Amino acid sequence: MKLRVLNICLAAFTVTITVTIVHSFHVPHISAKPCMHTTQTRAPGRPYLRLQTRASVQEEANTEGAEQAEERPEMVDCHDILADDSPDTCFRAGFVSIVGSPNVGKSTLMNRLVGERLSIVTSKAQTTRHRILGVVTGDNHQLVYTDTPGALNPSYKLQEGMMKFVKTAVADADVLLLVTDIFERDFPVQVLIDRLKRSKSPLVIAINKVDLLKGNGQGKPLSERALKEVGGSLDDVVARWREKFPDAKSILPISALQGIDTELLQEELVKQLPPSPNGEPLFPPDTLTDKPERFFASELIRERVFTSYGQEIPYSTEVIIETYRDEPDIVRINAKIVTIRDSQVGIIIGHRGEKLKKVGTEARKALEEMLGKKVFLSMRVKVDKNWRKNERSLKEFGYL
């Protein structure tokens with residue numbers, strides 16, 4: 001490992017401090033594996049994260065043409081099926097927006113439902129900041145999941161931008177999936193409750209973290225402590241949410257972490273999908289997400305920042321990919337960690353750069369697993385005191 005620390009400016013009035021940690025490793029190719037089961041087909045030798053957009057699929061179609069057409073599964077035209085009074089067999093497709101409070105397990109649930117690790121997950125609230133799509137295509141359906149930031153009452157422009165993602169996801173949804181957990185007594189953001197109740201899209205509620213209860217739906221008695229924390233039995237929890245949302249199509253206790261009843265949840269969501277207007281999926285069948293690899297590189301580094309630092313640093317930082325070069329045998333990435341205080345730079349770097357070196361090493365390994373090839377990662381730290389409140393910075397970072 002080669003460590004280089006460059007351009008450390010310690011003048012009293014310096015507002016920009018640049019530190020670069022360079023990781024250059026020669027490692028064998030990592031044969032990545034999916035973090036959980038997926039129903040989508042993966043070609044042998046490909047990295048587990050299959051990223052495609054409409055443009056990339058069209059490019060492949062120009063070269064593969066007939067071969068790709070032969071592999072494409074036969075789709076059912078809903079108009080033909082509906083004419084035969086058999087709506088359950090038509091091709092259904094739509095956007096399923098996953099919304100809820102911070103830290104109730106929305107991202108863990110989307111990763112479980114999609115069968116790939118698209119959303120970063122930490123124990124800290126507000127880990128998810130962007131709207132992330134995950135696509136699941138079955139024989140007669142396509143679910144386009146949208147993971148959203150945790151709903152909150154915003155305190156600054158960054159949080160306003162995050163809530164805008166949530167509101168847009170609710171407005172665009174064909175099906176709404178509200179995720180709560182067994183401990184949440186009341187939903188804190190009234191504006192989201194109002195939007196959910198006004199929406200004409202079907203609402204499904206998932207009560208997460210039942211694995212933390214002794215009962216967890218298996219008929220065993222709950223401990224007194226669990227009963228006190230939950231406010232009653234699991235049936236009582238379901239009844240409370242039914243009272244709040246009497247028009248919900250279904251309320252299902254689940255565990256996203258353990259996979260308890262998540263398949264049942266997915267089946268319910270498929271039932272609520274609208275028929276596809278032309279009997280076709282919204283995205284090509286092998287699409288997994290609409291985000292580019294550059295975005296996921298930024299997210300994986302930010303995840304390491306969240307898990308490596310305490311207090312306010314995770315909420316004060318942003319990771320920007322300045323350059324991303326995908327070469328035949330290696331991916332070269334230059335990343336910038338932006339923070340709001342000069343005093344935080346020393347904490348991020350650590351003694352003799354050891355802390356940032358550790359973050360970079362962990363991020364590089366995660367990137368190599370995701371991309372399926374060697375990664376050269378360069379990181380630097382910069383102070384931007386107002387980036388969370390500055391409209392120009394937030395636009396640059398993709399929040400506005």
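Any read-out appearing in this document is the output of simple, stated calculations on the displayed coordinates, not a laboratory observation. Note that this is a predicted model, so its numbers are computed, not measured. Don't worry about glycine lacking a Cβ; one is built from the backbone with ideal geometry, like all the others, and counts go over all protein chains shown.
Structure values in brief
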quantity: Hydrodynamic radius by Kirkwood, which averages 1/r over all alpha carbon pairs of the stretch 78-272, in angstrom; calculated: 17.3 Å
quantity: Cβ-based exposure ranking for Ile320, Ile205, in which fewest neighbours within 10 Å come first; calculated: Ile320, Ile205
quantity: Order of Met163, Met110 - criterion: other Cβ atoms within 10 Å of each residue's Cβ, fewest first; calculated: Met163, Met110
quantity: Spin-label zone in the stretch 106-142 - amide nitrogen under 19 Å from a point set 7 Å from the Cα of Glu263 along the C-beta vector; calculated: 109-116, 136-142
quantity: Proxy reagent accessibility, fewest Cβ within 10 Å first, across His351, His141, His130; calculated: His351, His130, His141
quantity: Sites Lys164 and Glu243, calculated FRET efficiency, Cβ-Cβ separation with R0 22 Å, nearest 0.05; calculated: 0.15
quantity: Most to least packed among 362-368, 276-282, 241-247, 114-120 [average Cβ atoms within 10 Å]; calculated: 114-120, 362-368, 276-282, 241-247
quantity: Extended-chain gain in nm, criterion 0.36 nm per residue less alpha-carbon gap, Glu312 and Glu280; calculated: 6.9 nm
quantity: Whole-Hz ³J(HN,Hα) from phi, Karplus 6.51 cos²θ - 1.76 cosθ + 1.60, for the stretch 143-152, glycine and proline x; calculated: 9, 10, 6, 10, 7, 10, x, x, 5, 8
